[in-house]
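The values are calculated or read from the model by the stated rules, or taken from the named source; none is laboratory data. All figures in this text were calculated on a predicted structure; none of them were measured in a lab. Backbone-built Cβ (ideal geometry, glycine too); neighbour counts: all protein chains shown. Calculation scope for accessible area: heavy atoms of the full protein, side chains included, ligands and nucleic acids excluded. Shrake-Rupley method; radii C 1.70, N 1.55, O 1.52, S 1.80 Å.
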Amino acid sequence: MELLYSMGHYFMLAASSNPQEGEPWFFEPFFAYLVRRWDRILVMTLEHFELILVATAIAIAIGVTVGVIISYYEPIAYPVINVTQVLMTIPSIAMIAMLIPLFGIGFNNGVAALVLYMLLPLVRNTYTGIREIEPAVLESAKGMGMSELRVLTKIKLPLALPVIMAGIRVAVVLGVGIGAIAAYIGAGGLGSLIFNGIERVNYPMIWTGAIFISIIAIVLDLILGWGEKRLYRY
Amino acid sequence: MVIKLENLTKIFQPGDAPAVDNLTLEVDEGDTCVLVGPSGCGKTTTMKMVNRLIEPTDGKIYVENEDVSKKNPIQLRLNIGYVIQEIGLFPHMSIAENIATVPRELRWPKQKIQERVDELLSMVGLDPELFRNRRPSDLSGGQRQRIGVARALSADPPLMLMDEPFGALDPITRSYLQNEFLRIQEKIKKTIIFVTHDIDEAIKMGTKIAIMREGKLVQYATPDELLSAPADEFVVNLIGGNYSIKRLHLIRVEEILKEPFTVSPEDSLDEAKEVMEKSQLELVLAVNGEKHLEGLVTPSSLRKEGERVGDVMDTPDLTVDSGATLNDALSVMLTNGEGYALVVGDENRLQGVVTLNAIMEALQDNEK
Ligand SMILES: Nc1ncnc2c1ncn2[C@@H]1O[C@H](COP(=O)(O)OP(=O)(O)O)[C@@H](O)[C@H]1O
Ligand SMILES: [Mg+2]
């Protein structure tokens with residue numbers, strides 16, 4: 001969403017500043033900027049990846065664990081999912097601001113914000129993935145003498161994996177967009193280009209940030225989508 | 001493996017009527033005890049208390065004189081085969097991995113597990129080469145249920161719990177698997193608790209039948225006793241009318257086999273004609289040296305051109321396996337409009353012939 005806002009914002013700026021007739025206003029300055037600052041862009045792209053990777057890893061660890069736990073304690077399942085849902089509705093700027101007392105400003109704050117946003121798809125998908133397993137499968141596993149831990153690791157998680165994978169995919173794509181906002185408090189990444197660009201009214205800079213963020217989102221989505229399909233659906 | 005249920009009671013919700021009500025029952029070593037009764041009468045609950053998937057409210061269960069409530073549930077279950085109607089195969093594992101579940105829990109060496117898997121696949125009539133690496137979703141309902149049985153037998157448990165194992169299958173597959181299981185059971189001699197709501201299946205599979213109603217035991221008897229002396233009106237209604245027809249499920253073809261007239265496919269037609277004259281049924285069977293059934297010779301096949309029996313014989317189609325009941329044999333006869341059925345054992349070995357007359361005689365003897 002944030003991504004769309006920033007791109008929409010750019011369109012508005014572009015439209016209102018109405019460039020001179022015949023004067024190049026998009027491709028030429030844009031490519032010139034790419035060529036001139038490619039090293040900086042590369043560093044920021046890597047920073048962006050790093051932010052998302054770290055956040056995703058932490059979010060999977062927490063989200064899957066919470067999803068597994070609530071699958072055992074039915075009464076708290078929906079309250080917990082609702083909490084993660086509420087987290088998701090907090091505007092990202094507000095979330096980041098609220099985390100400043102805990103994490104200060106910078107990379108850690110960005111990671112923490114991303115993790116909180118990513119929890120919903122991970123918790124919910126882990127929980128539903130486990131809940132959707134045919135009861136007969138679990139009954140026969142238990143009836144044959146598998147311990148609960150073995151049922152979890154050998155039956156439940158493998159069978160829920162395709163659904164968990166779908167959650168990871170949603171979480172990652174979500175994270176790429178929100179990650180841009182984290183640049184506001186100095187978490188680094190391609191968001192910095194957008195914020196600096198807006199400040200300096202430098203359109204090629206804003207475009208570069210927006211386009212590269214979209215590319216990262218699309219590429220990660222494609223890779224994860226491919227991985228998801230490779231997982232056997234039963 | 002003797003099992004004793006003593007005053008077993010299960011009340012799910014305080015205030016509810018008991019699902020199992022003061023049930024006392026003893027199953028002898030090697031017996032198949034069938035729990036039968038209308039839906040909701042507490043059969044499944046009773047069975048699940050044996051492997052502690054459900055804990056009793058009151059009463060005791062002894063397996064081999066040991067109180068199961070004092071045993072570790074995991075250890076207990078690893079020693080009890082468990083088959084349910086929905087089978088519950090693990091969809092993300094191959095057939096071999098499915099069958100290997102309990103041996104893997106018991107940490108058998110890999111080699112031993114592989115050998116056991118192949119042995120079991122062969123036992124349930126599926127070619128290990130073909131089936132080992134398939135997924136459960138590639139299998140038909142009947143094949144899946146065979147895997148379910150093989151999986152339950154994998155660590156050779158002395159006791160088996162089977163909850164409507166053939167209930168979801170079509171009648172033909174069901175009867176086929178029932179016969180196959182009876183044949184396997186004859187070799188492996190497990191102590192079995194078998195749940196069904198189908199009285200015909202109970203009569204066919206059980207050495208003892210426990211009739212249940214609203215959680216209580218109504219009658220516990222052999223199939224024969226049950227048919228000749230039903231305890232009350234409820235049992236009479238459950239059995240339904242037509243005792244002679246029910247008996248068809250009770251008697252096996254093996255008990256009334258007749259020695260067939262046989263020739264070899266190598267024999268000449270003249271030799272076959274000679275044998276044919278002795279046969280009242282006008283039926284001669286071609287078997288090879290190892291008694292494998294090769295073909296069927298009738299008067300009309302002898303009128304065909306040819307030198308040897310092998311040239312003129314027909315494909316034998318009216319076959320039932322040796323575990324079949326008279327009901328199975330009769331149904332083959334009726335389907336084909338013939339008065340006989342051929343009984344074959346392992347590897348298509350001819351065991352004998354069942355005739356319509358023999359079935360009628362058997363039923364009359366049994367009435368007395
Ligand atoms: N987990 C459970 N909780 C509450 N009631 C149950 C439960 N399982 C079974 N019952 C009740 O116990 C009775 C016996 O059920 P069950 O043993 O499944 O019957 P059957 O296998 O003979 O059809 C039924 O009335 C059923 O509704
Ligand atoms: Mg039941």
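Among the candidates A:Gly179, A:Gly188, the residue that is surrounded by fewer than 21 Cβ atoms within 10 Å (Cβ to Cβ) and either within 18 Å of A:His48 (Cβ to Cβ) or within 13 Å of another protein chain (Cβ to nearest Cβ) (or both) is uniquely A:Gly188.
Of the listed requirements (1) touching a strand residue (DSSP E or B) at 6+ places or on another chain (Cβ under 8 Å); (2) at pLDDT 95 or above; (3) within 16 Å of ligand 2 (Cβ to nearest atom); (4) more than 9 Å from chain A (Cβ to nearest Cβ), B:Pro38 misses just one: (2).
Once the range B:64-95 is narrowed to residues that are open to solvent by 20 Å² or more (accessible area, probe 1.4 Å) and in a helix (DSSP H, G or I), the residue that is nearest to the other protein chains (Cβ to nearest Cβ) is B:Ile74.
Rundown of residues vs (1) within 14 Å of chain A (Cβ to nearest Cβ); (2) within 13 Å of ligand 1 (Cβ to nearest atom); (3) out of contact with any Lys or Arg (no Cβ under 8 Å at 6 or more places or on another chain), yes/no style:
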{"site": "B:Met162", "(1), (2), (3)": "yes, yes, yes"}
{"site": "B:Asp170", "(1), (2), (3)": "no, no, yes"}
{"site": "B:Phe181", "(1), (2), (3)": "no, no, yes"}
{"site": "B:His197", "(1), (2), (3)": "no, yes, no"}
{"site": "B:Asp200", "(1), (2), (3)": "no, no, no"}
{"site": "B:Thr207", "(1), (2), (3)": "no, no, yes"}
{"site": "B:Ala210", "(1), (2), (3)": "no, yes, yes"}
{"site": "B:Arg213", "(1), (2), (3)": "no, yes, yes"}
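Checked across the range B:54-63, the condition of being modelled with pLDDT of 95 or more, within 10 Å of chain A (Cβ to nearest Cβ) and buried (at least 17 other Cβ atoms within 10 Å of the Cβ) holds for no residue.
Do any strands (runs of 3 or more DSSP E) entirely within the range B:239-353 hold 2 or more residues that are free of Cβ contacts under 8 Å to residues at least 40 places away in the same chain, and if so, which?
Here the list reads B:284-287, B:293-297.
Applying the criterion of being assigned to a strand (DSSP E or B), among the hydrophobic types (A, V, I, L, M, F, W, C) and within 16 Å of ligand 2 (Cβ to nearest atom) to the residues of the range B:9-25, the residue that is farthest from the other protein chains (Cβ to nearest Cβ) is B:Leu23.
Right, A:Ile223: out of contact with any helix residue (DSSP H, G or I) (no Cβ under 6 Å at 6 or more places or on another chain), closer than 30 Å to A:Leu34 by Cβ and modelled with pLDDT of 90 or more or not? Against the criterion (out of contact with any helix residue (DSSP H, G or I) (no Cβ under 6 Å at 6 or more places or on another chain), closer than 30 Å to A:Leu34 by Cβ and modelled with pLDDT of 90 or more), A:Ile223 qualifies.
Could you tell me which residue of the range A:27-42 is modelled with the highest pLDDT, considering only residues that are open to solvent by 90 Å² or more (accessible area, probe 1.4 Å) and under 19 Å from A:Gly188 (Cβ atoms)?
Only one residue tops the list, namely A:Leu42.
The residues of the range B:301-323 that are open to solvent by 50 Å² or more (accessible area, probe 1.4 Å) and more than 37 Å from the chain's Cα centre (by Cα), listed by number, are B:Arg303, B:Lys304, B:Glu305, B:Glu307, B:Arg308, B:Asp311.
Looking across the range A:103-153, the residues that are assigned to a helix (DSSP H, G or I), in contact with a Phe, Trp or Tyr (Cβ under 8 Å, 6 or more places away or on another chain) and free of Cβ contacts under 8 Å to residues at least 12 places away in the same chain come down to A:Ser140, A:Gly143. When the residues of the range A:96-146 are filtered to those that are open to solvent by 40 Å² or more (accessible area, probe 1.4 Å) and of a type in the set (S, T, N, Q), the one that is farthest from the other protein chains (Cβ to nearest Cβ) is A:Asn108. Checked against the criterion of being under 14 Å from B:Gly30 (Cβ atoms) and either without any contact (Cβ under 8 Å) to a residue 40 or more places away in the chain or open to solvent by 10 Å² or more (accessible area, probe 1.4 Å) (or both), the range B:224-234 contains not a single residue that satisfies it.
For the range B:48-63, the criterion of being closer than 30 Å to B:Ser140 by Cα, assigned to a helix (DSSP H, G or I) and basic (Lys, Arg) is met by at least one residue. Condition first: farther than 19 Å from B:Thr298 by Cβ and of a type in the set (Asp, Glu). Now tell me which residues in the range B:312-334 satisfy that. If the condition is that a residue be farther than 19 Å from B:Thr298 by Cβ and of a type in the set (Asp, Glu), then B:Asp321, B:Asp328 are the ones that fit.
Conditions tested, residue by residue: (1) hydroxyl-bearing (Ser, Thr, Tyr); (2) buried (at least 21 other Cβ atoms within 10 Å of the Cβ); (3) more than 7 Å from ligand 1 (Cβ to nearest atom).
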residue: B:Leu5; (1), (2), (3): no, yes, yes
residue: B:Thr9; (1), (2), (3): yes, no, yes
residue: B:Phe12; (1), (2), (3): no, no, no
residue: B:Leu23; (1), (2), (3): no, yes, yes
residue: B:Glu29; (1), (2), (3): no, no, yes
residue: B:Leu35; (1), (2), (3): no, yes, yes
residue: B:Pro38; (1), (2), (3): no, no, yes
residue: B:Cys41; (1), (2), (3): no, yes, no
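Of the residues B:Leu326, B:Leu356, the single one that is of a type outside the set (D, E, K, R), open to solvent by 20 Å² or more (accessible area, probe 1.4 Å), out of contact with any Asp or Glu (no Cβ under 6 Å at 6 or more places or on another chain) and in the same structural domain as B:Val297 (by TED's automatic domain parsing) is B:Leu356.
For the range B:130-144, state whether one or more residues are in contact (Cβ under 8 Å) with a residue 60 or more places away in the chain and open to solvent by 40 Å² or more (accessible area, probe 1.4 Å). Within the range B:130-144 (the criterion being in contact (Cβ under 8 Å) with a residue 60 or more places away in the chain and open to solvent by 40 Å² or more (accessible area, probe 1.4 Å)), the answer is no, since none of the residues qualifies. Residues that are on the phi > 0 side of the Ramachandran plot, under 18 Å from the mean Cα position of the chain (by Cα) and exposed (fewer than 15 other Cβ atoms within 10 Å of the Cβ): does the range A:61-73 have at least one? Scanning the range A:61-73 turns up no residue that is on the phi > 0 side of the Ramachandran plot, under 18 Å from the mean Cα position of the chain (by Cα) and exposed (fewer than 15 other Cβ atoms within 10 Å of the Cβ).
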